[in-house]
Amino acid sequence: MVTFIIRRLVGTIFLLIVVSMITFAIFFLIPRLAGQNTYQLAAQYVGRNPTRPAVLAVERQLGLADPLYLQYGRFLRGILFGAHYRSGPDVTYCPPPCFGYSFRSQLPVWPQMISDVPVTLSLAIGASILWLIGGVSIGVLSALRKGTLFDRFSMGIALAGVSLPVFFTGLISLELFSYKWPLFPNVQYVPITSNPVEWARNLVLPWIVLAFLYAALYARLTRAGMLETMSEDYIRTARAKGLPERKVIVKHGLRAALTPIVTIFGMDLGLLLGGAIITEVTFSLHGLGLFTVQAVNNQDLPEILGVTMLAAFFIVIANLVVDIFYAVVDPRVRF
């Protein structure tokens with residue numbers, strides 16, 4: 001197991017380097033292949049309505065006329081060790097990880113993203129707990145009561161949950177439970193360190209709306225996995241040995257059926273940590289999702305570049321944790 005973890009850590013570092021190469025190519029190589037010159041590339045770093053002197057200054061400052069391998073080296077060095085930016089006689093140091101300065105605020109991108117991470121982290125973790133417990137529980141009960149009214153009703157609700165988009169259920173929940181019946185009025189993010197009760201109260205609606213979508217999918221996956229697992233020979237052997245039914249279901253049936261659930265859970269959580277865009281926009285929660293939308297609307301290239309790398313980091317780390325967790329969930333897995 002230790003050897004596997006070390007091997008996966010090395011592989012994760014290599015994968016992050018590959019991700020940085022691909023991200024750099026998307027923003028710097030592909031535009032050149034499409035016919036853009038260095039002046040046009042520099043114009044993207046100046047913001048809206050750039051002047052020619054400002055574009056030429058940025059072109060010299062960022063070294064966009066240099067070979068691509070030198071530019072990628074500076075890009076990677078800025079992420080790992082920070083970067084120095086010259087503006088006339090002045091030199092500005094951008095601490096690592098440095099993704100440049102925002103066009104809109106003229107501030108380093110990384111501190112702005114980090115300030116929005118607690119919002120996305122609170123939303124993603126709270127919703128994931130709800131959908132994991134709710135979806136798996138409903139899926140197990142539906143599999144054990146296959147063909148009953150509960151099974152058909154729960155799978156019908158699950159189908160509706162998968163079909164209804166978050167912006168629809170989010171707006172409906174706001175209309176009903178925040179405006180018409182003010183059970184959760186004035187939904188906004190409150191830091192957990194300042195008021196834990198208000199932090200949870202303001203996130204109840206976003207948690208439920210986001211969890212409803214994922215819980216429906218997890219319920220269907222768990223049901224399918226349990227139906228397949230409970231028909232295996234080792235389940236009949238466990239029952240023949242006289243094991244209690246609860247132990248057969250939980251230890252032998254559910255544990256084996258959780259392997260695909262763990263896989264998709266790691267991917268979903270990694271994606272949400274990179275920014276739950278629709279949910280954050282619907283509820284006006286200023287996390288990484290809303291940060292991404294504003295960066296795209298403002299054509300703020302450094303911010304877009306930074307959030308792309310951060311989202312990729314979350315997904316890669318989530319996959320690493322999932323691979324390590326496999327052996328804990330399923331004893332049949334050996335590394």
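The values are calculated or read from the model by the stated rules, or taken from the named source; none is laboratory data. Since this is a predicted model, take the numbers as computed values, not measurements. Cβ: placed from backbone, ideal geometry, glycine included. Neighbour counts: every protein chain shown.
For the range 174-197, how many residues meet the condition of being in contact with a Pro (Cβ under 9 Å, 6 or more places away or on another chain), part of a helix (DSSP H, G or I) and under 20 Å from Thr120 (Cα atoms)?
Looking only at that region, the number is 0.
What is the number of the single condition among (1) free of Cβ contacts under 8 Å to residues at least 60 places away in the same chain; (2) closer than 17 Å to Val140 by Cα; (3) in a helix (DSSP H, G or I) that Ser231 does not meet?
(3)
Only helices (runs of 4 or more DSSP H) wholly contained in the range 1-90 count here; list those with 2 or more residues that are in contact with a Pro (Cβ under 8 Å, 6 or more places away or on another chain).
Details: elements: 2-24, 30-33, 38-44, 52-62, 68-81.
Ranges flagged: 38-44, 68-81.
For the structure I just gave you, tell me whether Asn186 is surrounded by fewer than 17 Cβ atoms within 10 Å (Cβ to Cβ) and either farther than 17 Å from Leu254 by Cα or free of Cβ contacts under 8 Å to residues at least 12 places away in the same chain (or both). Explain how you work it out, then say what you get.
On the way: surrounded by fewer than 17 Cβ atoms within 10 Å (Cβ to Cβ): yes; either farther than 17 Å from Leu254 by Cα or free of Cβ contacts under 8 Å to residues at least 12 places away in the same chain (or both): yes.
Considered against the rule, which asks whether it is surrounded by fewer than 17 Cβ atoms within 10 Å (Cβ to Cβ) and either farther than 17 Å from Leu254 by Cα or free of Cβ contacts under 8 Å to residues at least 12 places away in the same chain (or both), Asn186 comes out as yes.
For the range 77-96, which positions are crowded, with 17+ Cβ neighbours inside 10 Å and either assigned by TED's automatic domain parsing to the domain that holds Met309 or more than 16 Å from Val307 (Cα to Cα) (or both)?
Ala83, Cys94
Here is a list: Arg255, Arg246. Which entry is of a type in the set (Lys, Arg) and surrounded by 15 or more Cβ atoms within 10 Å (Cβ to Cβ)?
Numbers: Arg246 fails: surrounded by 15 or more Cβ atoms within 10 Å (Cβ to Cβ).
Just one listed residue meets the conditions, Arg255.
Could you tell me which of the residues Ala211, Ala124 is more than 30 Å from Leu62 (Cβ to Cβ) and in contact with a Gly (Cβ under 8 Å, 6 or more places away or on another chain)? Don't jump to the end; show me each part of the working.
Working: Ala124 fails: in contact with a Gly (Cβ under 8 Å, 6 or more places away or on another chain).
Of the residues listed, the single one that is more than 30 Å from Leu62 (Cβ to Cβ) and in contact with a Gly (Cβ under 8 Å, 6 or more places away or on another chain) is Ala211.
Which one of Leu221, Leu217, Leu227, Leu271 is closer than 30 Å to Val293 by Cα and either touching a Pro at 6+ places or on another chain (Cβ under 6 Å) or at pLDDT 85 or above (or both)? It would help to see each step written out before you state the result.
Values: Leu221 fails: closer than 30 Å to Val293 by Cα; Leu227 fails: closer than 30 Å to Val293 by Cα; Leu271 fails: either touching a Pro at 6+ places or on another chain (Cβ under 6 Å) or at pLDDT 85 or above (or both).
Step by step, each of Leu221, Leu217, Leu227, Leu271 is checked, and only Leu217 is closer than 30 Å to Val293 by Cα and either touching a Pro at 6+ places or on another chain (Cβ under 6 Å) or at pLDDT 85 or above (or both).
Each row is one residue, and each column tells you yes or no for (1) in contact with a Leu (Cβ under 9 Å, 6 or more places away or on another chain); (2) more than 28 Å from Ile278 (Cα to Cα); (3) among the β-branched types (Val, Ile, Thr).
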{"site": "Ala34", "(1), (2), (3)": "no, yes, no"}
{"site": "Leu41", "(1), (2), (3)": "yes, yes, no"}
{"site": "Glu59", "(1), (2), (3)": "yes, yes, no"}
{"site": "Leu62", "(1), (2), (3)": "yes, yes, no"}
{"site": "Pro67", "(1), (2), (3)": "no, yes, no"}
{"site": "Leu70", "(1), (2), (3)": "no, yes, no"}
{"site": "Phe99", "(1), (2), (3)": "yes, no, no"}
{"site": "Pro118", "(1), (2), (3)": "no, no, no"}
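Among (1) assigned to a helix (DSSP H, G or I); (2) under 25 Å from the mean Cα position of the chain (by Cα), there is one condition Cys98 misses while meeting the rest; what is its number?
(1)
Please give the number of the condition Val322 fails out of (1) assigned to a loop (DSSP other than H, G, I, E, B); (2) in contact (Cβ under 8 Å) with a residue 24 or more places away in the chain; (3) surrounded by fewer than 21 Cβ atoms within 10 Å (Cβ to Cβ).
The number of the failed condition is (1).
Going by the structure shown, is Val140 assigned to a helix (DSSP H, G or I), touching a Lys or Arg at 6+ places or on another chain (Cβ under 9 Å), surrounded by 19 or more Cβ atoms within 10 Å (Cβ to Cβ) and of a type in the set (Val, Ile, Thr)? Reasoning before the result, please.
Working: assigned to a helix (DSSP H, G or I): yes; touching a Lys or Arg at 6+ places or on another chain (Cβ under 9 Å): yes; surrounded by 19 or more Cβ atoms within 10 Å (Cβ to Cβ): yes; of a type in the set (Val, Ile, Thr): yes.
Yes; evaluated as a whole, the condition is true for this residue.
Search the range 189-208 for residues that are not assigned by TED's automatic domain parsing to the domain that holds Ser122 and pair each with any residue that is polar (S, T, N, Q) and not in a loop (DSSP other than H, G, I, E, B) when their beta-carbon atoms are under 8 Å apart and the residues are at least 6 apart or on different chains.
Nothing qualifies.
Looking at the range 158-183, which of the residues that are of a type in the set (A, V, I, L, M), closer than 28 Å to Ser115 by Cβ and more than 21 Å from the chain's Cα centre (by Cα) is surrounded by the most Cβ atoms within 10 Å (Cβ to Cβ)?
At the first step, the residues of the range 158-183 found to be of a type in the set (A, V, I, L, M) are 158-160, 162, 164, 166, 171-172, 174, 176, 183.
Then drop every residue that is not closer than 28 Å to Ser115 by Cβ, which leaves 166, 171, 174.
Filter once more, so that each one left must be more than 21 Å from the chain's Cα centre (by Cα): 171, 174.
Working: Leu171: 14, Leu174: 19.
Per the criteria, the residue is Leu174.
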